[in-house]
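S.K.: Below you'll find the structure I mean.
The values are calculated or read from the model by the stated rules, or taken from the named source; none is laboratory data. These numbers come from a predicted model, not from an experiment. Backbone-built Cβ (ideal geometry, glycine too); neighbour counts: all protein chains shown.
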Amino acid sequence: MPLYEYKCDKCGTAFEELVAAEKKDDKLACPNCGSTETKRQFSSFAIGGSKQSGSLPSCATSSCSTGTCPYV
Ligand SMILES: [Zn+2]
């Protein structure tokens, strides 16, 4: 069974769970707060890795020279 990573929307706890492929989209209860508002996280290597330019969002203005202004 594949190991999936989930994150709780309520308390932010990230946890991993062995889940059968056909059940991977089921709601799992958070081990910390018990909330079922959890989301499956996509593995970083599955998204296409090289786009790791930090946590700054892309700048929306074309006149910006850095392209990564935190405030736009
Ligand atoms: Zn939680």
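S.K.: Kindly provide the set of residues from the stretch 14-24 that are touching a strand residue (DSSP E or B) at 6+ places or on another chain (Cβ under 7 Å) and without any contact (Cβ under 8 Å) to a residue 24 or more places away in the chain, ordered by number. First the steps, then the outcome.
M.R.: Of all residues in the stretch 14-24, those touching a strand residue (DSSP E or B) at 6+ places or on another chain (Cβ under 7 Å) come to 14-19, 24.
If the condition is that a residue be touching a strand residue (DSSP E or B) at 6+ places or on another chain (Cβ under 7 Å) and without any contact (Cβ under 8 Å) to a residue 24 or more places away in the chain, then Phe15, Glu16, Glu17, Leu18, Val19, Lys24 are the ones that fit.
S.K.: For residues that are surrounded by 13 or more Cβ atoms within 10 Å (Cβ to Cβ) and modelled with pLDDT under 90, tally how many sit in the stretch 1-16.
M.R.: 1
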